[in-house]
1. Taking only segment A:166-182 into account, find how many residues are surrounded by 18 or more Cβ atoms within 10 Å (Cβ to Cβ), at negative phi and not hydrophobic (A, V, I, L, M, F, W, C).
2. Which numbered condition in (1) surrounded by fewer than 21 Cβ atoms within 10 Å (Cβ to Cβ); (2) within 30 Å of B:His11 (Cα to Cα); (3) away from chain A (no Cβ under 14 Å); (4) of a type in the set (A, V, I, L, M) is the only one that B:Ala121 fails?
3. Anything in segment A:35-73 that is surrounded by fewer than 19 Cβ atoms within 10 Å (Cβ to Cβ), among the polar types (S, T, N, Q) and under 25 Å from A:Gly128 (Cβ atoms)? List them, or say none.
4. Name the single residue, out of those in segment B:124-169 being in a loop (DSSP other than H, G, I, E, B) and hydrophobic (A, V, I, L, M, F, W, C), that is surrounded by the fewest Cβ atoms within 10 Å (Cβ to Cβ).
5. If B:Asn58 satisfies every condition in (1) out of contact with any Cys (no Cβ under 8 Å at 6 or more places or on another chain); (2) crowded, with 20+ Cβ neighbours inside 10 Å; (3) away from chain A (no Cβ under 14 Å) but one, which is the exception?
6. Looking at B:Ser145, is it at the interface with chain A (Cβ under 10 Å from one of its Cβ atoms) and touching a residue at least 24 places away in the same chain (Cβ under 8 Å)?
7. Among B:Thr243, B:Thr213, which is the only one that is in contact with a Lys or Arg (Cβ under 8 Å, 6 or more places away or on another chain) and among the polar types (S, T, N, Q)?
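The values are calculated or read from the model by the stated rules, or taken from the named source; none is laboratory data. Keep in mind that what you see is a predicted model, and the values were worked out from it rather than measured. We place every Cβ from the backbone using ideal geometry, glycine too, and count neighbours over all the protein chains shown.
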Amino acid sequence: MISVIEKWFPNVTMNASIFWNSVGQTFEMTIIVSVISFVISLILAIGLVVTKKDGILSQPTVWNVLDKMVNLFRSIPFIILIAALIPLTRLISGTAIGVQGTIFPLIVGITPFFTRQIESALNEVDTGLIEVGQVIGLSPFQIIRSVYLKESIPSIIRVTTITLISLIGLTAIVGVVGGGGIGDFAIQYGYQQNQLDATYACIIILVVIVSVIQAIGTFFSRKLFH
Amino acid sequence: MSLDPLIKFSHVEKVFPNKDGQPRQVLRDVNLSIQEKSIFGIIGHSGAGKSTLIRCINGIEKPTGGTVSFSGKLVNTLKSSKLRSLRQNIGMIFQQFNLMPSRTVFENIMLPIKYRHINRAEARQKVTRLLEMVGLPDKASAFPSELSGGQKQRVAIARALIDDPKVLLCDEATSALDPQTTQDILTLLKDLNHRLGITLIIVTHEMEVIENTCDFVAVLDHGKIIEQGNVYSVFVNPKEILTQRFIATTSRLELPQEIIDSDLLNLTGKQKLVKITYLNGKAMVPLISFISRNFNVDANIVVGDIKILQQKPLGGLVIVLDGLESDIKKALDYLGKQEIRLEVQNYDKRN
């Protein structure tokens with residue numbers, strides 16, 4: 001087995017510890033960014049849903065500001081966003097390179113997408129159910145918790161899966177600007193040193209990670225759907 | 001009617017602003033008084049404003065003019081926290097049941113009191129009692145997706161009753177159900193009215209629901225109440241064309257044109273097709289034999305229908321009168337003086 005890997009992936013075998021370190025960095029970035037971004041996105045998405053025109057706390061001005069902000073950040077290509085954010089990233093993280101320097105731009109890059117995803121999951125909740133919440137005398141906060149969130153758990157899991165997969169894509173892009181992770185490895189060894197086996201190893205590991213995330217997401221989304 | 005009504009609408013108006021700049025008036029000068037413990041029906045075609053009207057009672061919709069009061073309190077000026085406690089007195093059920101799909105039957109029924117400081121064990125017992133009352137004692141742990149439409153509506157009724165409300169608003173509650181299930185749900189609602197004294201407000205587009213269930217009825221047309229009153233008197237003597245049309249849907253006295261045209265009746269020019277509707281419950285007077293004996297006319301009974309509405313008979317006959325023109329006229333004059341409604345139907349036979 002090992003000899004087969006050595007035969008097909010000579011450069012990866014030579015730099016095995018760097019390779020696995022990159023995989024670890026990808027996980028590190030994905031987990032930290034997804035947790036922080038999930039919290040921010042959830043708050044923004046709830047904000048968008050409740051303040052919309054016929055929402056339970058309708059505030060058209062607030063909705064407009066949130067909506068335009070999300071659109072603004074969504075329209076900037078990620079690679080440009082990273083460059084644009086460099087001064088701010090340095091201010092917040094102390095550095096603009098390495099895993100530490102990528103967390104902030106990744107959060108800014110993925111949160112608008114994540115927000116839209118969760119917003120659509122919350123909007124799938126039947127308006128009749130929201131009306132029930134009002135009719136039985138629940139407060140807006142209780143409606144958010146017991147109707148919006150409770151009824152959209154399977155959808156939120158589904159969109160979180162989609163977002164995680166997009167996020168892994170973004171963590172590879174930060175490799176271009178020296179961000180670390182699998183993308184960084186693929187560029188340094190696969191692209192710049194023309195070691196094609198390094199590129200393929202990165203592809204294989206990414207396919208495996210994405211498949212596992214998708215399988216877990218599908219499993220829980222189905223299990224919780226009635 | 002010296003009692004103060006439980007619910008009172010005074011000159012209620014509702015105008016929805018429209019995106020196209022053209023505002024849409026949904027309720028026009030609605031005046032209603034609903035007595036405690038009564039069963040009040042509101043009938044109208046879809047788009048007549050029924051759903052908006054019923055939602056003014058629990059403040060889900062706010063009138064743009066006039067006032068709505070509940071137990072003497074003005075609903076349309078209540079602050080949101082006061083409105084929420086008011087809503088605990090007003091249960092509501094819907095056409096699409098609106099059960100929470102991710103919660104079991106038990107959790108659905110508990111939802112209205114979930115955030116209150118309550119005795120868990122007592123609440124548990126109450127849910128069990130309610131499930132028995134609506135006829136689903138063994139479904140506590142089922143999910144809504146495992147229930148039939150009628151069962152879902154029963155769960156929704158139990159959920160609406162958890163707070164011991166004074167009123168149950170039923171918004172087209174039987175419109176998604178088959179006729180047999182509709183009957184079962186209406187029977188259950190009537191039973192709850194008798195046993196608990198809960199006031200029912202039933203919004204529907206089906207006159208049969210009104211006929212089977214309600215004490216009072218209001219007919220809503222384009223946001224205006226065009227007729228209202230005791231169900232029996234409205235059925236016996238409907239004034240508005242729309243009301244008559246709604247009642248016709250429940251009556252077997254309406255002869256389809258096909259039958260009038262067919263050889264079945266074989267009407268000739270001098271015969272008269274006459275519809276008699278009994279008023280004031282006087283269905284037992286032998287009118288037909290009297291006119292045939294005294295005016296020398298033949299009276300052929302084509303259709304007869306009688307039913308009991310609010311313990312009083314309601315119905316009539318469709319007859320064909322044959323004989324000399326003068327005799328028919330005399331018979332019709334006689335009938336016209338009786339406590340019945342007489343309609344000489346036109347039968348322009350199409351050849």
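1. Count: 3.
2. The failed condition is (2).
3. A:Ser58, A:Gln59
4. By that ranking, first place goes to B:Ala142.
5. With (1) out of contact with any Cys (no Cβ under 8 Å at 6 or more places or on another chain); (2) crowded, with 20+ Cβ neighbours inside 10 Å; (3) away from chain A (no Cβ under 14 Å) applied to B:Asn58, the lone miss is (3).
6. The answer is yes for B:Ser145.
7. B:Thr213 is the lone residue from the list that is in contact with a Lys or Arg (Cβ under 8 Å, 6 or more places away or on another chain) and among the polar types (S, T, N, Q).
Residues checked against (1) without any contact (Cβ under 8 Å) to a residue 12 or more places away in the chain; (2) under 19 Å from B:Val30 (Cα atoms); (3) under 12 Å from the mean Cα position of the chain (by Cα):
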position: B:Asp191; (1), (2), (3): yes, no, no
position: B:Thr213; (1), (2), (3): no, no, yes
position: B:Glu240; (1), (2), (3): no, yes, no
position: B:Ala248; (1), (2), (3): yes, no, no
position: B:Val274; (1), (2), (3): no, no, no
